[in-house]
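Reviewing the structure listed below.
The values are calculated or read from the model by the stated rules, or taken from the named source; none is laboratory data. Keep in mind that this is a model prediction, so the values were computed, not measured. Every residue, glycine as well, gets a Cβ built from its backbone with ideal geometry; the counts of neighbours run over all protein chains shown. These accessible areas exclude ligands, DNA and RNA; they are computed on the full protein's heavy atoms, side chains included. Shrake-Rupley method; radii C 1.70, N 1.55, O 1.52, S 1.80 Å.
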Amino acid sequence: MPTISAVEHDGSKSARQPLESVVVRFAGDSGDGIQLTGSQFTQTTALARNDLATFPDYPAEIRAPAGTTFGVSAFQINFGSRQILTPGDEPDVLIALNPAALKVNLATLKPAGLVITDATVFTDRNLRKAGYTANPLEDGSLSKFRVIPVDIARLTLEAVKDLGLTQKEALRCKNLLTLGLIYWLYDRDRQPTIDWLEKKFAKRPEIAKANIAALNAGHAYGETMELEGTVDTYTVPSADIAPGLYRNVTGAEALAWGLVAGAKLAGLKLFCGSYPITPASTLLHILSGLKHYDVVTFQAEDEIAAVCSAIGASYAGALGVTSSSGPGVALKTEALGLAVGVELPLIVVNAQRAGPSTGLPTKTEQSDLYQAVFGRNADTPLAVLAARAPSDCFDVAVEAVRIAVTHMTPVIVLTDGYIANASEPWLIPDADGFAVPPVEFRTDAESFHPYLRDEKTLARAWAVPGTPGLEHRVGGIEKDFDTGNISYDPENHQRMTDVRAQKIACIADGLPPLVPEQGNKKGRLAVVGWGSTFGSISRAVSNLRDDGVDVTHIHLRHIWPLPSDLGDLLRGFDQVVVAEMNQGQLLTVVRSETLVAAEGLNKVTGQPFKISEIEAAVRTRLES
Amino acid sequence: MNVVTPGEKLTAKDFTSDQEVRWCPGCGDYAIVSAVQGTLAELGVSREKTVFVSGIGCAARFPYYMATYGFHTIHGRAPAIATGIKLTNPELDVWVVSGDGDALSIGGNHLFHLLRRNVDVQFLLFNNEIYGLTKGQYSPTSRVGTRSPSTPMGSLDNPVVAASFALGSGARFVARSVDTLRKPLSQVLKRAYEHRGASFVEIFQNCIVYNDAVFSSFTAKDLAADNQLHVEDGKPLLFGRESNRGLRMKPDAFELEIVTVGENGIVEADVLVHDEKNHLLASMLAALQPPAFPMALGVIYCDPAPGYETNVTAQIEEAKANSPAADLNALMRQGHTWTVKG
C-alpha cells in the first residue's frame, strides 16, 4: 500500500474542471456510517469556503435488516462557489455502498451522473435482498450513467491489514475509504478529517490509524492508480460570501441557541418541558446539555405534561418552552388554550412531519399550519412563526421570545424535519445583539390585578409567585376585564375575547415592512412561500430572473398575524402563487386575510420542492 | 390586596380570599378549606410563597378561595403544572388540590409520575367517590354497583384505592384524613407540609348532593370510633371506643387480623406497632376496608428522600460549577469554524 502523507493536494497533476456547484449523495446501509461520512465531507467542504446545504435522509427504522431497501440511509450535500440554498434537486454523484442504496437512489441521479459503488458487495444474496433479479453493474441497465465499481471492502481490508484489527472492525473503515475517494474527486484537504479521527479515537489509536489509512487509501486509489484518466476531476472554487466567522449549524442547534439567547436578553430562566418524538427530540437533547446557561430541561411523561410543565414554569417566572411534532402538538392543544386564557408567555416548537397520524415521521411536510393557526377550541388566538432554513432558526427563536414576553402570549414556531436536521454554513451572530426587551415583573401592589394591560401591547401584568402583596389567582375560567376575578358575565366575555384577538393582531404593528426576497414590488407574478421551501423558491426565482422572467419571491416568517402590508404588496402582482408542502394551508390564510385570488403550488411527497418544479410552475403560469 | 408587614402573625382569615365560595351548602370542601386556612396560619407560612394549583372539578375551585397565589388549570394536569412551577422556583410551597376523577381518572398518569419523581408538593386528593361538577357520574373510586346517570344498572369496574395507588407509585409520604375531622386533618396537613418530597394526602370528602353519606360506615358518629384507626408512628395500632381493639399479623398467614386486648390472652404487646417507614405495613394498612376492618387514617407512610427539584437543581449547579464562564457567544464559536475575509 502506498503511504500518502496528508498534505495539501495542489491539483496540478491533471487539469481539474472548475464547477459552480455539485450535488453529491452518499447512500448505504444504516450501519455503513453514511451520516458520519456526510458530515465529514460537509466540514471539509465548508473549510474549502464553498457555500453548501445538506439533507440527511434517514430510514424510519432504527436498525432495519442489513441490505434491505428500507434500511437505506442517505446524506445529500450541495456545495458550490455560488450561493447554495437547497440540498440540490438531482445528485451529480451517487455513492451507493450496496445494491439497495443503488436501487433506492438511482431514480434521482442526473442523466450521465456518476455512480460509485462497492462492487464487492454486489453479491447474489445482496442483490436479492435489494430486489434485483440481475446485477445492474453487468446487465447494462446503468448505461446512461457513468459507473465506477470500486472494490471498497477489499481495498479497505488491504489498507488496514497490518493494524491488527478484526475483520469486522476493519470493514467499519469502508466509509472512510469512500470519503478519501470523494476527497480526491473534488480536491479536498484530508487533514481536518484526520485531525477529527485522531481526536475522536484518542483512546483507541489503532482505530484512528485504520480509519486514516482507509481515508488515504481511498484518495490514493483515485489519484495514483486505477481512476486517473477515466474520470474527470473537479475543483469547486470558493464562494463569494459575506465576510465573517462561520460554522455549520443544524436547525436544532440554531433554535436551541436562539432560545437561550432570547431568554438571556429577556432576563429569564429557560425551561424546556418535552416528550421525545421524531424529528423534534434533538432540541431537547441540545438544551439538556446547556444546564450551565440557566436552562432547566424536563423529559415529561407525555406531551400534555410537557406543555403543562412549561406553562407552570412560565407561571413561576421562567420562559416555558415545549417542543414536539404535529401529533404531539395535537395532544398539547387543550393546554395551549389555557396558556392563551391565562396569557402567559410560552414557546411551542413544532418540527413538522408528514401526516396524518404517524404519517411519515422522518419525512418533511408543512402541513401543520392550520393546526398552529386555528387548531384549538374556541376563539383562541396565538402567534405563529416559521423558520425558513437551519440558520434562520436562531433569529426566529429570538423573535419568538420577543413576541412571547412583549405580548404575554404563546408563540408556535414551525420548523420541519428538514430544517431541524439539515445543516448549512452560518455567519455566527452576536448573541447579545438582538432586540428583546428585558422582562419587568410586576412588583407594585398599588391597584394591581393580574389582567391589568399595557395599552400598547395589550400584555397583561406578569406577577410571579413569591412577590409579596401581589397574591392572585388565575385560571381557565373567563376573567373579569377590570378585576381579573372569575366572571360569567356575557358582555365581559365579549370584551375579553375581543382583547385577546386584538392583542395578537397588534403584534403585526411592530413588524418591519415586508420586503420581497428578490424581484420587484409589483409585477407579473409573485411566489409566496414560508418555511423550508425558501431555498427551492429562492433558487428557482433567481434562475428565472437571470433568464429575464419577471417574478418576485416573497417569504413569510410571521404566519399569524400576517404582516399588515401583505395584502397591499400582493395586489401589485397579476398572479400570486403560494408554494408550500401541503394542500394549500397558507394559501387559505392568505386568501381569507387579503382577499387576493392567490393560487397554490403544492407537493406532499415527503421530499422538498425541486427547483425545477417551481421554475416550471412559474413558466407555465406566465405562458398561459 | 393587603400588604402584610414582616413578622406579623397571620390568621386563618388572612389566608381567605375575597371571593364568594361557590360550593353546595353542606359540601365537605368547606371544612377542608377552613382546615387548610387555619393550618397555614398555624404553620406561619408566607402567603406570597404559597401556591395552590388545581385541575378541574369541584375541588379544583379551591385556589380561588385562598389569599395566596393560585392557578386553576385543566383537567388532570395540575401535577404537571406544579412540577414546572417547582422546578422553576423550588423555594415556593406548592399545594395541589384535586379530586378522585381529576387525580385518578383523567390525570392518573400525571399523579403517578409526580409521586415517583418525588416532586416536593403537597397533593391533596378530595375523594368523594363521585363526579360532582358534571352532575353525579361514578368515579374511579366509586364502589362496584354505584348507580349514577352513566351507570343506571350499577357500575361494573373495580375501584382504585387511592392510598394503595400512591404507595405503588413510589410516594414517600402517604396519609389520610376526613373532611370533618378538623384536628387530625390539620395534623396530617402539617406533616405533609413538613415532609420534603411529594406528600400524598387523601381526604374523604362528603358530597352531600350526589353521594351523601358514602363514607358513613366509618364517619357516622356512632360508627366512627370502632371503624377509624388513627395510626401514629411508634404507637400500637389500637382503635375502638375503648381503644382495646388492635391489629396484629395472623400467626399462620401473611395478613392482618383484629384482636381485642384483654380477650383470649391478648395483651397490648401482641398488637403491631406502627412504623411509618415500613412500606409493607403501609401497604397493608392502606388496603384495609370497612366494615371488615377499620379505615386507617393519619400518616400511613413517611420515608423521606431528596425531592426531584432538589436533584435537578443540584445537577444544574454542578454543570455551572464545571463551566463557570457560560458564554453563549463562545459556545457558538466552538468546534469547526472558519473565517471568510472581505
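For the range A:257-272, the tally of residues that are in a helix (DSSP H, G or I) and over 13 Å from A:I347 (Cα atoms) stands at 5.
Of all residues in the range A:44-63, those that are in contact with a Pro (Cβ under 6 Å, 6 or more places away or on another chain) and assigned to a helix (DSSP H, G or I) total 3.
Out of curiosity, is A:I277 among the aliphatic types (A, V, I, L, M) and within 24 Å of the chain's Cα centre (by Cα)? Judged against the criteria, A:I277 is a match. Under the condition of being more than 7 Å from chain A (Cβ to nearest Cβ), in a loop (DSSP other than H, G, I, E, B) and modelled with pLDDT under 95, the residues counted in the range B:304-342 number 4.
Quick grid of which residues meet (1) surrounded by fewer than 22 Cβ atoms within 10 Å (Cβ to Cβ); (2) free of Cβ contacts under 8 Å to residues at least 12 places away in the same chain:
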{"residue": "A:D550", "(1), (2)": "yes, no"}
{"residue": "A:I554", "(1), (2)": "no, no"}
{"residue": "A:G567", "(1), (2)": "yes, no"}
{"residue": "A:E580", "(1), (2)": "no, no"}
{"residue": "A:G584", "(1), (2)": "yes, no"}
{"residue": "A:S592", "(1), (2)": "yes, yes"}
{"residue": "A:L595", "(1), (2)": "yes, no"}
{"residue": "A:G600", "(1), (2)": "yes, no"}
{"residue": "A:K610", "(1), (2)": "yes, no"}
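Take A:N98 and decide whether it is of a type outside the set (D, E) and touching an Asp or Glu at 6+ places or on another chain (Cβ under 7 Å).
Values: of a type outside the set (D, E): yes; touching an Asp or Glu at 6+ places or on another chain (Cβ under 7 Å): yes.
The answer is yes for A:N98.
Given the condition small (G, A, S) and at the interface with another protein chain (Cβ under 7 Å from one of its Cβ atoms), answer yes or no: does some residue in the range B:109-132 qualify?
Here is the first cut: in the range B:109-132, the residues small (G, A, S) are B:132.
Then keep just the ones that are at the interface with another protein chain (Cβ under 7 Å from one of its Cβ atoms); that gives none.
No, the range B:109-132 has no match at all.
Within the range B:218-229, the presence of at least one residue that is open to solvent by less than 10 Å² (accessible area, probe 1.4 Å) and out of contact with any Leu (no Cβ under 8 Å at 6 or more places or on another chain) is confirmed. Candidates are the residues of the range B:114-140 that are among the charged types (D, E, K, R) and within 30 Å of A:F298 (Cα to Cα); the one that is most open to solvent (accessible area, probe 1.4 Å) is B:R116. Counting only residues that are more than 10 Å from chain A (Cβ to nearest Cβ) and in contact with a helix residue (DSSP H, G or I) (Cβ under 8 Å, 6 or more places away or on another chain), the range B:96-107 holds 8 of them.
Within the range B:289-311, the set of residues being in contact with a strand residue (DSSP E or B) (Cβ under 8 Å, 6 or more places away or on another chain) and either at positive phi or buried (at least 19 other Cβ atoms within 10 Å of the Cβ) (or both) comprises B:F293, B:P294, B:M295, B:A296, B:L297, B:G298, B:V299, B:I300, B:Y301, B:C302. Quick check on the range B:56-78: of everything there that is more than 8 Å from chain A (Cβ to nearest Cβ) and in a helix (DSSP H, G or I), which residue is surrounded by the most Cβ atoms within 10 Å (Cβ to Cβ)? Filtering the range B:56-78 for residues that are more than 8 Å from chain A (Cβ to nearest Cβ) and in a helix (DSSP H, G or I), the one surrounded by the most Cβ atoms within 10 Å (Cβ to Cβ) comes out as B:A78.
Kindly establish whether A:A389 is in contact with a Gly (Cβ under 7 Å, 6 or more places away or on another chain), surrounded by 19 or more Cβ atoms within 10 Å (Cβ to Cβ) and hydrophobic (A, V, I, L, M, F, W, C). Judged against the criteria, A:A389 is a match.
Could you list, in sequence order, the residues of the range A:160-174 that are in contact with a helix residue (DSSP H, G or I) (Cβ under 9 Å, 6 or more places away or on another chain), assigned to a helix (DSSP H, G or I) and open to solvent by 10 Å² or more (accessible area, probe 1.4 Å)? If you could, list the steps in order and put the result at the bottom.
Kept after step one, since they are in contact with a helix residue (DSSP H, G or I) (Cβ under 9 Å, 6 or more places away or on another chain), are these residues of the range A:160-174: A:160-165, A:167, A:169-174.
Keeping just the survivors that are assigned to a helix (DSSP H, G or I) gives A:161-163, A:167, A:169-171, A:174.
Answer for the range A:160-174, where residues must be in contact with a helix residue (DSSP H, G or I) (Cβ under 9 Å, 6 or more places away or on another chain), assigned to a helix (DSSP H, G or I) and open to solvent by 10 Å² or more (accessible area, probe 1.4 Å): A:K161, A:D162, A:L163, A:Q167, A:E169, A:L171, A:K174.
Can we say A:A526 is farther than 26 Å from A:G417 by Cβ, under 26 Å from the mean Cα position of the chain (by Cα), touching a residue at least 24 places away in the same chain (Cβ under 8 Å) and buried (at least 23 other Cβ atoms within 10 Å of the Cβ)? Yes; evaluated as a whole, the condition is true for this residue.
Of the residues A:E455, A:E517, A:E491, only one is open to solvent by 50 Å² or more (accessible area, probe 1.4 Å), closer than 30 Å to A:V604 by Cα and at pLDDT 95 or above; which? Before the answer, list the steps.
On the way: A:E455 fails: closer than 30 Å to A:V604 by Cα; A:E491 fails: closer than 30 Å to A:V604 by Cα.
Testing whether each residue is open to solvent by 50 Å² or more (accessible area, probe 1.4 Å), closer than 30 Å to A:V604 by Cα and at pLDDT 95 or above leaves just A:E517.
Is there a residue being open to solvent by 10 Å² or more (accessible area, probe 1.4 Å), over 22 Å from B:S142 (Cα atoms) and without any contact (Cβ under 8 Å) to a residue 40 or more places away in the chain anywhere in the range B:91-98? Scanning the range B:91-98 turns up no residue that is open to solvent by 10 Å² or more (accessible area, probe 1.4 Å), over 22 Å from B:S142 (Cα atoms) and without any contact (Cβ under 8 Å) to a residue 40 or more places away in the chain. Residues that are among the charged types (D, E, K, R), touching a strand residue (DSSP E or B) at 6+ places or on another chain (Cβ under 6 Å) and over 30 Å from A:T497 (Cα atoms) within the range A:353-381 comprise A:K363, A:E365, listed in sequence order.
Residues of the range A:69-110 being in a loop (DSSP other than H, G, I, E, B) and surrounded by fewer than 18 Cβ atoms within 10 Å (Cβ to Cβ), which ones?
Pass one, the range A:69-110, residues in a loop (DSSP other than H, G, I, E, B): A:81-92, A:97-98, A:109-110.
Passing the criteria: A:R82, A:Q83, A:E90, A:K110.
Looking only at residues of the range B:13-41 that are among the charged types (D, E, K, R) and under 26 Å from B:T219 (Cβ atoms), we find that the one that is surrounded by the most Cβ atoms within 10 Å (Cβ to Cβ) is B:D29. Counting only helices (runs of 4 or more DSSP H) that sit wholly inside the range B:168-243, those with at least 3 residues that are of a type in the set (S, T, Y) are B:216-219.
State whether the residues of the range A:240-261 include one that is open to solvent by less than 50 Å² (accessible area, probe 1.4 Å), away from every other protein chain (no Cβ under 14 Å), more than 17 Å from A:F394 (Cα to Cα) and of a type outside the set (D, E). There is no residue in the range A:240-261 that is open to solvent by less than 50 Å² (accessible area, probe 1.4 Å), away from every other protein chain (no Cβ under 14 Å), more than 17 Å from A:F394 (Cα to Cα) and of a type outside the set (D, E).
Check every one of the strands (runs of 3 or more DSSP E) wholly within the range A:273-370 and list those with 3 or more residues that are away from chain B (no Cβ under 14 Å), surrounded by 24 or more Cβ atoms within 10 Å (Cβ to Cβ) and modelled with pLDDT of 95 or more. Quick ask: steps written out before the conclusion?
Numbers: elements: A:295-299, A:319-324, A:346-352.
In the range A:273-370, the matching strands (runs of 3 or more DSSP E) lie at A:346-352.
For the range A:415-432, the set of residues classified as assigned to a loop (DSSP other than H, G, I, E, B), over 30 Å from A:P59 (Cα atoms) and either open to solvent by 70 Å² or more (accessible area, probe 1.4 Å) or modelled with pLDDT under 95 (or both) consists of A:D430, A:D432, listed by residue number.
Give the residue that is nearest to the other protein chains (Cβ to nearest Cβ), with candidates limited to residues of the range B:16-55 that are hydrophobic (A, V, I, L, M, F, W, C) and under 19 Å from A:G475 (Cα atoms).
Initially, the range B:16-55 is screened for residues hydrophobic (A, V, I, L, M, F, W, C), giving B:21, B:23-24, B:27, B:31-33, B:35-36, B:40-41, B:43, B:45, B:51-53.
So of that shortlist, the ones also under 19 Å from A:G475 (Cα atoms) come out as B:21, B:23, B:33, B:51-53.
Values: B:V21: 12, B:W23: 14, B:V33: 13, B:V51: 5, B:F52: 8, B:V53: 8 Å.
Taking the candidates together, the pick is B:V51.
Only one of the numbered conditions (1) away from every other protein chain (no Cβ under 13 Å); (2) crowded, with 24+ Cβ neighbours inside 10 Å; (3) within 17 Å of the chain's Cα centre (by Cα) is not met by A:V398, and that is (1).
Within the range A:190-203, being crowded, with 16+ Cβ neighbours inside 10 Å and touching a residue at least 60 places away in the same chain (Cβ under 8 Å) holds for A:R190, A:P192, A:T193, A:I194, A:W196. In the set (1) buried (at least 20 other Cβ atoms within 10 Å of the Cβ); (2) not in a helix (DSSP H, G or I), the condition left unmet by A:K503 is number (2).
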